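Inspection log for the structure reproduced underneath, given as structure tokens.
Just so it is clear, none of the values below were taken in a lab; they were calculated from the coordinates. Source: prediction; values computed, not measured. Reconstructed Cβ throughout: ideal geometry from the backbone, glycine too, with neighbour counts over all protein chains shown.
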Protein chains: 2
Amino acid sequence: MSPPKRTIEASAASQIAELAAQSRRVTSYDVALVAGVSQSAVSRCFKPGASVSKTTFARVMKAAALLDYVPNAAARSLITRRTNMVAVLLTNRANLYYPELLTELSKQLTPHGKRVLLFPLASESEAARVLGDLWQFQVDGVIAAAHLPATAVAEFKRHRVPLVVFNRLLEDLSVHTVSCDHRAAGRMLAARLAAAGHRQFGIISGSKDSVVAIARQQGVAEQLAELGLPPPLVVTGEFDYHSGATGLKTLIARHGGIPDAIICANDVMAIGCLDCARHELGISVPGQLSVAGLDAVEPSNWLSYNLTTLHQPMAQMAAAAAQQICRLIERPEVAAERQLFDAQFIEGATARLHLPATAPAAPFSLPQPLAIM
Amino acid sequence: MSPPKRTIEASAASQIAELAAQSRRVTSYDVALVAGVSQSAVSRCFKPGASVSKTTFARVMKAAALLDYVPNAAARSLITRRTNMVAVLLTNRANLYYPELLTELSKQLTPHGKRVLLFPLASESEAARVLGDLWQFQVDGVIAAAHLPATAVAEFKRHRVPLVVFNRLLEDLSVHTVSCDHRAAGRMLAARLAAAGHRQFGIISGSKDSVVAIARQQGVAEQLAELGLPPPLVVTGEFDYHSGATGLKTLIARHGGIPDAIICANDVMAIGCLDCARHELGISVPGQLSVAGLDAVEPSNWLSYNLTTLHQPMAQMAAAAAQQICRLIERPEVAAERQLFDAQFIEGATARLHLPATAPAAPFSLPQPLAIM
DNA sequence: TTGTATGCGTTATCAT
DNA sequence: ATGATAACGCATACAA
């Protein structure tokens, strides 16, 4: 006589006991046993478009629920060659737009079943060093918001890992890119300020290894040169509040007076510069000095600042990057695309944007610059 | 006649050709073949403390380098039962300390060979929904900076996934926790302000599902009650700049005048409140109104604000959480520990912290509160 | 629709 | 120190 057919519940209970005894994990075999089907049937039940009968599906799902079964992604990826992970390389410098970027990326990737594996970088140049780790994890793709040397890009090709470079333009045109045109942004800002009569510019740039800061600075310099204005005075900072203040003082000391306008490589430095001018040095902004930022992070539109700056459409860019990496994962062979976004000018109230009604030739904020040099 | 013994280089080249032809991945077998050793020898070479002779090691490493071989983490984790990934659950609300938290966590985890897999949450309550994904990825542990319902905590136990709850105190004492004592922080702030003669308090709290905001608010209310002061007026916000401004206006309307002191559930709201008071309503801070924040994110110490607030030792807390999850991964059975950190009071300049020399009994900032009610 | 059999790439155990 | 062999947990080709 065969034993009475046990209920799924009873079968599950005994299976759980056995699992605990052997301290094994719950596998699809266990589920199959409890559901009274084959392992492959179980596997199919967890694959979206597979062909399973309603009844088996129900039995399997019930058994799975009773056993707390979830497919093991590691085992799955071994055979599917997909880990459903996208690595994101990020420099600390991105600091203030870090949250926006990451949440937007995740939001876009999650519907595709992909998750973000984070690789924060202490410096842009550190990128190369984390690559080894990256290959091990077999991520499906990488979004790099960090500078990659040509050798690193080559590695991506050898390892056949899709790569999207974020907010930086590499010389190599064959890499997929989503970015603002930082050089154009620099030009635009310089042009606007020059049109308002500013002549002597100062730049508080980012640290030397930042491609972004350099591109912006070049844009400004180019534009000024084309307009026949004196070259900007440049000091470098570390993208932080303190650097903005220090940068301002250094610029004043070096120039022997207050320049007409100061462009900072990011908003936090601009805010530092602004606070230092107003609260520490008693300089009126924009009365005596125009200050502009770049990046438009949230604090820049707080009432106390209302910074003149350029807004990068970060959320859109993040979405674009997510889209692109997903497409690339599906079809690795598609031709490289450089998706460029325009920064949007934010007038704010820290820069004079129109020619002063009086003294059009020599703005009063320019204290005999030539006499001193 | 046996063929002449080929060099490693030559052997590697032909192996690469074969791999490309079959579009296979590079495996330890390929390396073994090229290096002229067994596959297990290759495996051992990539395991830190294994016993391999110098010469085999050298041959293997050379072959591996030529082939661009890296061990496949998915395959490895299948047998070692370690994915070397730690999931981090994070609400968007954490916004401003997001970068600090994530970089610190990563910094602490990287030396242990672990990486952060990110799970951003749209709301605290969304946590439960991402858990399914989480189990699939087989992460070694989870750091949750989000509220977890008891059912979710139970799931962690069933799945035997180590959990550290970050900056929230669950009632369940059996969960490992690293947090500030938000209630104590609220009490401390209330006590300091009350000692300076403030009597009518307003609170701009966070959205209703935030455990942290609620705890802080309770602390304030408790302390005021113990001191025999009137209960605080409470409005809720969304932890953002705009909420601070709106909150202030609502409080004034509801109270029929300016309260003595306003405590905001985070610094960004405090800054919004401050800007609104000063720039929009023309209220002198701290002359007519004291404003205090909680959280001490970076902008709070910018010169324009210099906010009175409480600083959470975020970096230390992150480090502690990383340590704890690592220990827990090694020894899952250790007893639960609640690691509490004290918030540090930052005086700032937006709250009056001493009794006014004149009119000690009824501060001038309190316009006949009882007459109106 | 379902079950059988095989392979994904590694680590671990056990001889040698 | 080294090599053969057996898991690990799943997806898939194929046969039924």
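Here the Gaussian network model covers chain A, with springs between Cα atoms less than 10 Å apart; of A:K208, A:K47, A:K107, A:K47 fluctuates the most.
Lysine pair count for chain B with Cα-Cα distance under 23 Å and sequence separation of 8 or more or different chains is 8. Sorted shortest first, the separations between the B:A122 label point and its copies elsewhere in the assembly read 3.9 nm; each point sits 7 Å from Cα along the Cα-to-Cβ line.
Sequence-distant contacts, meaning Cα pairs under 8 Å at least 6 residues apart, place the relative contact order of the range B:1-83 at 30 percent. Note on chain B: with a GNM built from Cα contacts shorter than 10 Å, the maximum mean-square fluctuation among B:Q39, B:Q324, B:Q108 falls on B:Q39. Between B:A128 and A:S14, the FRET efficiency estimated from the beta carbon spacing at R0 = 30 angstrom works out to 0.55.
Note that the range A:3-74, at 20 °C in a medium of 1.002 mPa s, gets a Stokes-Einstein diffusion coefficient of 174 µm²/s from its Kirkwood radius over C-alpha pairs.
GNM on chain A, alpha-carbon springs under 10 angstrom: the most fluctuating residue among A:D209, A:D181, A:D240 is A:D209.
Contact order, relative form, for the range B:253-312: 35 percent (alpha carbon pairs under 8 Å, 6 or more residues apart, mean separation divided by residue count). Over all distinct Cα-Cα pairs of chain A, the Kirkwood formula returns a hydrodynamic radius of 24.1 Å. 3J(HN,Hα) couplings calculated from phi for the range B:168-181 with the Karplus curve 6.51 cos²θ - 1.76 cosθ + 1.60 (θ = phi - 60°) are, in sequence order, 9, 10, 7, 5, 4, 6, 8, 9, 5, 9, 10, 7, 7, 8 Hz; Gly and Pro show x. Label point of B:H279 (7 Å along Cα→beta-carbon): distances to the other copies' equivalent points are 1.4 nm, sorted ascending. Summing Lys and Arg as +1 and Asp and Glu as -1 over all other residues whose Cβ lies under 14 Å from the Cβ of A:D260 gives a net charge of +3.
The mean number of Cβ atoms from other chains found within 10 Å of a Cβ in peptide B:73-83 is 5, as a whole number. Across peptide B:302-311, the average count of Cβ atoms from other chains found within 10 Å of a residue's Cβ is 4. When you filter the trypsin sites (Lys or Arg not before Pro) in the range A:1-71 for DSSP loop state and at most 16 other Cβ atoms inside 10 Å of their Cβ, you are left with A:K5, A:R6, A:R24, A:R25.
Take the Cβ atoms of B:L78 and B:Q218, set R0 to 51 Å, and the FRET efficiency comes out at 0.60.
For B:L355, inter-copy separations between label points set 7 Å beyond Cα along the Cβ vector come to 6.4 nm, shortest first.
Look at the stretch B:25-32: the mean tally of other chain Cβ atoms within 10 Å of its residues' Cβ atoms is 1. Sorting A:277-287, B:286-296 by their mean Cβ neighbour count within 10 Å, with the most densely packed peptide first, gives B:286-296, A:277-287. From its DSSP helices (H runs of at least four residues, each -39,500 (n - 2.57)), chain B gives a residue-normalised ellipticity at 222 nm of -13000 deg cm²/dmol. Measuring nothing but how far apart in sequence close Cα pairs (under 8 Å, 6+ apart) lie, relative to its length, chain B scores a relative contact order of 14 percent.
Is the shape of the range B:226-328 rounded, prolate or oblate, going by the alpha carbon gyration tensor and its root eigenvalues a ≥ b ≥ c, with a/c under 1.5 for rounded and a/b larger than b/c for prolate? It is prolate, given that a/c is not under 1.5 and a/b is the larger ratio. The modelled label-to-label distance between A:T151 and B:Q316, using points 7 Å beyond Cα along the C-beta direction, is 4.1 nm. Between A:E333 and B:Q39, the FRET efficiency estimated from the beta carbon spacing at R0 = 35 angstrom works out to 0.65. Computed on the Cα trace of the range B:196-239, the radius of gyration divided by the Kirkwood hydrodynamic radius gives Rg/Rh = 1.00. The modelled label-to-label distance between B:L173 and B:K107, using points 7 Å beyond Cα along the C-beta direction, is 3.5 nm. Within chain B, DSSP assigns beta bridges of which about 10% are antiparallel (rounded to the nearest 5). The overall shape of the protein assembly as shown, judged from the alpha-carbon gyration tensor, is oblate: a/c is not under 1.5, and a/b is no greater than b/c. Between A:E238 and A:K208, full extension at 0.36 nm per residue minus the direct alpha carbon distance yields a gain of 9.9 nm. The ranking of A:L109, B:L96, A:L33 from fewest to most other beta carbons within 10 Å of each one's beta carbon is A:L33, B:L96, A:L109. Backbone phi angles across the range A:340-353, fed through the Karplus curve with coefficients 6.51, -1.76 and 1.60 (θ = phi - 60°), yield HN-Hα couplings of 9, 10, 8, 6, 9, 6, 10, 4, x, 8, 10, 9, 6, 10 Hz in residue order; Gly and Pro are listed as x. The modelled label-to-label distance between B:N301 and B:Y29, using points 7 Å beyond Cα along the C-beta direction, is 5.9 nm.
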